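Engineer: Mind having a look at this structure? Questions to follow.
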Amino acid sequence: MKEQGMYDSIRPGQIWLDTNGNRIHAHAGSLLHEDGTYYWYGENKEHSKPGDNVWTWGIRCYSSTDLYNWTDLGLIIPPDLDDPESPLHPSQLIDRPHIVRNPRTGKYVCWLKIMGEGDQQLCTVLTADSLLGPYEIVRTGFSPLGMFAGDFDLVVDPVDGKGYYYFERVHSEMICADLSDDFTDVTGYYSTHFPQPHPPLVREAPAYFRRNGKHYLITSGTTWYYPNPSEVAVADTYHGPYTVIGDPHPQAATRTSYRSQISSVFKHPTQEDLYIALADRWLPQLSEEESDQDRPFHEHYSAKEAGKAVAPLPLPEADTSIADYVWLPIRFDGETPVIEWQDEWRIEDVDPR
């Protein structure tokens, strides 16, 4: 780091500041590249402290020309402070924004997951004429395919412009659904993948990418903010069938994906065969050993599945306002993605082989 807010490398797991010297807040985020500029958007967690009753304070966006130094562009989807029933109110549980541009309409389409009580997770869809907004809600409070939809990813085919929606059918399985022509709904055609009886086995946080004609999905298990082993699967088509090929983090001794959860995978527009896994370290204060919390989740949900009365899981309050980022390049061993730890790395120095 040259000076505060001025970087010449990526340092996974370290505090990342914008060009104003403030923490970057674009969690569970994704990158878009347009006209030589990178845009990083995600959940604004600056007010998400324990006891504040704020899960997400709008969707924030940053711009960069080098992927190191990020300028705050503000809230492209601000919170609705006047209507507590609005899906954009800070008390609502806004999660996992994904934005794609529809090549047919030219509109930018944003999907949000709104978490309700228990397993009742619903979707809100917004559209805009510009990536930076303003965004207008066009659909809210709906269950795609009549299913409660959890973590998800949106995909646009680079050739025919068709859209796909990968989502976790809550506490059940992964779904790939065809999007409608305007990307604001699903058509009804879908496929199912990775069925599991209960968390933490159920796969969530799907991150899709495509390489050499193969379709890849990286997912995590369901263990709240605690990290867990990632899993990568590959297929010949969007709808699969997908074959699980293992954990892409072979060096992670505690099998916690370097204490992070991948939110998306970004293909660099000019660096040949460079794919970057973007991940959040939701609980940076925990050590490797404290982060390894699979067992309580297995015991809780196995007992619940067996019909036993179980107490709520004793989860600590999470201060996601101090969550960090773990961005790492993906190396390929043949067709197998491998994510290796680096304390510091530069885009220009990556050899994906």
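The values are calculated or read from the model by the stated rules, or taken from the named source; none is laboratory data. Everything numeric in this text was worked out from a predicted model, so none of it was measured. Don't worry about glycine lacking a Cβ; one is built from the backbone with ideal geometry, like all the others, and counts go over all protein chains shown. These area figures cover heavy atoms from the full protein model, side chains too; ligands, DNA and RNA do not enter into them. Shrake-Rupley method; radii C 1.70, N 1.55, O 1.52, S 1.80 Å.
Engineer: Taking the Kirkwood radius as the inverse of the mean 1/r across Cα pairs, report the Rg/Rh of the chain. Walk me through the numbers on the way to the answer.
Structural biologist: Numbers: Rg = 19.1 Å, Rh = 20.6 Å.
Result: Rg/Rh = 0.93.
Engineer: Output the relative contact order of the chain, whole-number percent, from Cα pairs under 8 angstrom with separation of 6+ residues. Can you show the working numbers first?
Structural biologist: Numbers: 872 pairs, mean separation 46.9, N = 353.
For the chain, the relative contact order is 13 percent.
Engineer: Something else now. Place +1 on the Cβ of every Lys and Arg and -1 on the Cβ of every Asp and Glu in region 295-353, take the dipole about the Cα centre, and give the residue among A323, V338, H298 whose Cα lies farthest towards its positive end.
Structural biologist: Among A323, V338, H298, the one farthest towards the positive end of the dipole of region 295-353 is H298.
Engineer: Identify, among V265, P241, V202, the residue whose Cα sits farthest towards the positive end of the charge dipole of region 184-339, taking +1 on the Cβ of Lys and Arg and -1 on the Cβ of Asp and Glu, with the dipole about the Cα centre.
Structural biologist: Positive-end residue among those listed: P241.
Engineer: Further, regarding this structure: Quick one: with all protein chains in place, what share of the accessible area of region 131-246 is carbon or sulfur, to the nearest percent (1.4 Å probe)? Working shown, then result.
Structural biologist: Values: 2100 of 4300 Å².
Summing carbon and sulfur atoms, their accessible area is 49 percent of the total for region 131-246.
Engineer: Per-residue HN-Hα couplings for region 180-191, Karplus 6.51 cos²θ - 1.76 cosθ + 1.60 at θ = phi - 60°, whole Hz, x for Gly and Pro?
Structural biologist: Couplings: 5, 4, 8, 6, 9, 7, 10, 7, x, 8, 7, 9 Hz.
Engineer: While we're here: Take the residue pairs K113/K304; K162/K267; K113/K214; K214/K304; K49/K107 and return only those whose Cα atoms are more than 29 Å apart. Walk me through the intermediate numbers first.
Structural biologist: Values: K113/K304 25 Å; K162/K267 19 Å; K113/K214 27 Å; K214/K304 38 Å; K49/K107 34 Å.
Flagged as over cut-off: K214/K304; K49/K107.
Engineer: Quick one: with all protein chains in place, what share of the accessible area of region 15-73 is carbon or sulfur, to the nearest percent (1.4 Å probe)?
Structural biologist: That share works out to 42 percent.
Engineer: For R139, what residues show an amide H to amide H distance below 5 Å, using hydrogens built from the backbone and excluding near sequence neighbours?
Structural biologist: Excluding prolines and chain starts, which carry no amide H, the hits are V125.
Engineer: Of I137, S191, Y165, which is farthest towards the positive pole of region 135-197's charge dipole, taken about the Cα centre with +1 and -1 on the beta-carbons of Lys, Arg and Asp, Glu respectively?
Structural biologist: S191
Engineer: Further question: Please give the charge dipole size of region 186-273, origin at the Cα centre, charges +1 on K and R Cβ atoms and -1 on D and E Cβ atoms. Round to the nearest 20 debye. Walk me through the numbers before you get to the answer.
Structural biologist: Values: 7 positive and 6 negative charges, 15 e Å.
The dipole magnitude comes to about 80 debye.
Engineer: Can you check what the Kirkwood hydrodynamic radius comes to for region 144-243, Cα pairs only, in Å to one decimal? The partial results should precede the final answer.
Structural biologist: Numbers: mean 1/r = 0.0730 Å⁻¹.
Roughly 13.7 Å, rounded to one decimal.
Engineer: Can you tell me which of 43-50, 339-346 comes out highest on packing, and rank the rest after it, using the mean Cβ neighbours within 10 Å?
Structural biologist: Details: 43-50: 20.1, 339-346: 15.9.
Ranking, from highest mean packing down: 43-50, 339-346.
Engineer: For E340, list long-range residues whose amide hydrogen, built 1.01 Å from N in the peptide plane, is under 5 Å from its own amide hydrogen.
Structural biologist: Amide H to amide H, under 5 Å and 5 or more residues apart or across chains, E340 pairs with R331.
Engineer: Between region 44-93 and region 164-189, what is the C-alpha centre distance in whole Å?
Structural biologist: 25
Engineer: In terms of modelled amide H atoms, which long-range or inter-chain residues lie less than 5 Å from the amide H of L75?
Structural biologist: Under 5 Å from the amide H of L75 lies no amide H from a residue far enough along the sequence or on another chain.
Engineer: At 1.4 Å probe size, with every protein chain present, just tell me what the per residue accessible area of region 171-272 comes to in Å².
Structural biologist: On the way: 3820 Å² over 102 residues.
Accessible area per residue: 37 Å².
Engineer: Right, something else. For the chain, what is the charge dipole size about the Cα centre, in debye to the nearest 20, if Lys and Arg each add +1 at the Cβ and Asp and Glu each add -1 at the Cβ? Intermediate values should be presented prior to the final figure.
Structural biologist: Values: 28 positive and 54 negative charges, 89 e Å.
In total the dipole reaches around 420 debye.
Engineer: Under a Cβ-Cβ cut-off of 11 Å, what is the net charge of the residues other than D157 that fall near it, where Lys and Arg count +1 and Asp and Glu count -1?
Structural biologist: Details: positive: K162, R210; negative: D160, D178.
Spelling it out: positives minus negatives among the neighbours equals 0.
Engineer: Specify the residue with the greatest mean-square fluctuation among W224, W327, W57, computed from a Gaussian network of the chain linking alpha-carbon atoms under 10 Å apart.
Structural biologist: Sorting by GNM fluctuation, first place goes to W224.
Engineer: Carbon and sulfur atoms: what percent of the 1.4 Å accessible area of region 293-344 do they account for? List each step's numbers first, then the result.
Structural biologist: Working: 1370 of 2940 Å².
Ligands and nucleic acids excluded, carbon and sulfur give 47 percent.
Engineer: Between region 283-340 and region 139-161, how far is it from one alpha carbon centroid to the other, in angstrom?
Structural biologist: If you average the Cα positions of each part, the centres end up 24 Å apart.
Engineer: Placing unit charges on C-beta atoms (Lys and Arg positive, Asp and Glu negative, everything else neutral), compute the dipole magnitude of region 104-249 about its Cα centre in debye, rounded to 20. Intermediate results must be reported in sequence, preceding the final value.
Structural biologist: On the way: 10 positive and 18 negative charges, 44 e Å.
Taking the Cα centre of region 104-249 as origin, the dipole is about 220 debye.
Engineer: Ignoring everything except DSSP H segments at least 4 long, calculate the 222 nm mean residue ellipticity for the chain; use -39,500 (n - 2.57) per segment, divide by total residues, nearest 500.
Structural biologist: Numbers: 2 runs with 16 residues, N = 353.
Rounded to the nearest 500, the figure is -1000 deg cm²/dmol.
Engineer: Now, a different point. For a quick protection proxy, order the peptides 271-280, 7-16 by their average other-Cβ count within 10 Å, most packed first. Numbers along the way, then the final one.
Structural biologist: Working: 271-280: 20.5, 7-16: 17.0.
Most protected by this proxy first, the peptides run 271-280, 7-16.
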